[in-house]
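A quick write-up on the structure given underneath.
The values are calculated or read from the model by the stated rules, or taken from the named source; none is laboratory data. Please read these numbers as outputs of a predicted model, since none were measured by experiment. Here Cβ is always computed from backbone atoms with ideal geometry, including for glycine, and neighbour counts include all displayed protein chains. Note: areas computed on protein heavy atoms with side chains; ligands, DNA, RNA excluded. Shrake-Rupley method; radii C 1.70, N 1.55, O 1.52, S 1.80 Å.
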Amino acid sequence: MPKTAYVRTKPHLNIGTMGHVDHGKTTLTAAITKVLADRGSGTFVPFDRIDRAPEEAARGITINIAHVEYETDTRHYAHVDMPGHADYVKNMVTGAAQLDGAILVVSALDGIMPQTAEHVLLARQVGVDHIVVALNKADAGDEELTDLVELEVRELLTAHGYGGDAVPVVRVSGLKALEGDPRWTSAVEALLDAVDTYVPMPERYLDAPFLLPVENVITITGRGTVVTGAIERGTVRVGDRVEVLGAGVETVVTGLETFGRPMDEAQAGDNVALLLRGVPRDAVRRGHVVAAPGSVVPGRRFSARVYVLSAREGGRTTPVASGYRPQFYIRTADVVGDVDLGDVAVARPGDTVTMTVELGRDTPLEPGLGFVIREGGRTVGAGTVTTVE
Ligand SMILES: Nc1nc2c(ncn2[C@@H]2O[C@H](COP(=O)(O)OP(=O)(O)OP(=O)(O)O)[C@@H](O)[C@H]2O)c(=O)[nH]1
Ligand SMILES: [Mg+2]
């Protein structure tokens, strides 16, 4: 049910948990909400509420339930816990997660595993600049072994350009903190302090024209169509005219909410739900972009610098050549595109190349926009748009 209006009293950041399957991401997420709820700032979200499919949460004009909301003394956070590896990759590569920082969860019992490394790599590629490490399951780990795991994690981060020596590494136990064990609840507090201090407030482009990549579409009987997502830039108010690129409609925002609470104005970085006047449910899809009318021009052809992932990083084992036709993940969109390498005969795994891409449909593009290339369910490349034709 609609609650009291959202009042912006603290800076808002988007963070999330990443790391290998079963290392304790969801348990830690639940523990964070528990520790903060016990401190009087926020609501405890139990494990099984976090691990549930988003579709089940179609009540109110609320957002994806994989997002959990909490506050520390200095900040308001939207925290995304991506259930399982495939969802993690999808959310990261489509930019749906839009993380300002991440908590890398590594089990002190197991150390670095393949998905630990893959998530660090992906985070780097999609522009997550700050990582804090939670060495989880420290309740069950042996101290010396945990020291080794810590060294290993710092090395991994350094290898990906994160300056592993400076990264905060906090030994935690999500499980014990959930049980209320004081030693481990204070470890979770220490982790949150590390996030508060180590992840800087990112620059928000508040003066730019409004833009929101659509992550989800929900229908509310009797009220209309609602789109959800994180605002990439600008601000939006109830009553504003907006254009839905992809759907080809212009309309008016008639409702605005964050975490089920109405707001008058939302800004870059906020996770919101927008109620759109008179837009049929079928007209809007994930991948569309809601923007200030006329502020974005969709295109199909662009040039880009692309890094082709090596086989070690989970990429291809064979080179790509002109005529290659993979999927391009641009913001929340997923579009097929034809690759032209120009004078270059082939791009081998591990190479960085310039390419021209012709997309299968009009997509909002601009220089500097990041994207990921996927094929058969795996990431094979990551790039940045240099020019749009
Ligand atoms: N001993 C111990 N076990 C833990 C801790 N945290 C999580 N576990 C256990 O590890 C298992 C996996 O925990 P989850 O929180 O589901 O892990 P996850 O990383 O979210 O897993 P996926 O979402 O499937 O990738 C569960 O059996 C937890 O009870 C911890 O701090 N200590
Ligand atoms: Mg989980």
Worksheet item: When you count, for each residue, the other Cβ atoms within 10 Å and take the mean per peptide, how do 277-284, 120-127 rank with the highest first?
Response: 120-127, 277-284
Discussion item. What distance in nm lies between label points placed 7 Å from Cα along the C-beta direction at T43 and A190?
Written reply: 3.1 nm
Discussion item. If I compute solvent accessible area with a 1.4 Å probe over the protein chains, what percent of it on the range 230-389 is carbon and sulfur?
Written reply: 46 percent
Item to complete: Assign unit charges at the C-beta atoms only (+1 for Lys and Arg, -1 for Asp and Glu), then state the dipole size of the range 270-389 relative to its Cα centre in Debye, rounded to the nearest 20.
Response: 380 debye
Practice prompt. Provide the FRET efficiency to the nearest 0.05 for the E71-D129 pair, computing r from the beta carbons and using R0 = 22 Å.
Written response: 0.45
Response to the item:
The answer for trypsin sites (Lys or Arg not before Pro) in the range 156-244 that fall in a DSSP coil and have at most 16 neighbouring Cβ atoms within 10 Å is R223
Worksheet item: Where does the chain land on the Kirkwood hydrodynamic radius, alpha-carbon pairs, in angstrom?
Response: 21.7 Å
Worksheet entry | Length released on extending from A166 to R305, taking residue separation times 0.36 nm less the Cα-Cα span | 47.1 nm
Discussion item. Ratio of alpha-carbon Rg to the 2.2 N^0.38 Å globular estimate for the range 117-272, to two decimals, please.
Written reply: 1.39
Item to complete: Tell me the label-point distance for the pair T254, V297, using the 7 Å Cα-to-Cβ offset, in nm and rounded to one decimal.
Response: 3.3 nm
Fill in: With 10 Å bins from 0: P(r) over the range 197-315, alpha-carbon pairs, percent
13, 41, 26, 15, 5, 0
Discussion item. Full-extension gain between R281 and A159, please, as 0.36 nm times their residue separation minus the C-alpha to C-alpha distance.
Written reply: 39.4 nm
Item to complete: Quick one: check the C-alpha center-to-center distance for the range 134-208 versus the range 250-308, whole angstrom.
Response: 33 Å
Fill in: Listed residues T26, H12, L178: farthest to the positive end of the dipole of the chain (Cβ charges)
H12
Item to complete: Among L157, Y324, L211, pick out the residue whose Cα is farthest towards the positive end of the charge dipole of the chain, where Lys and Arg carry +1 and Asp and Glu carry -1 on C-beta, about the Cα centre.
Response: L211
Response to the item:
At R0 = 35 Å the Cβ-Cβ FRET efficiency linking T221 and D181, nearest 0.05, sits at 0.15
Discussion item. So, for the chain, what is the accessible surface per residue at a probe of 1.4 Å, expressed in square angstrom?
Written reply: 42 Å²
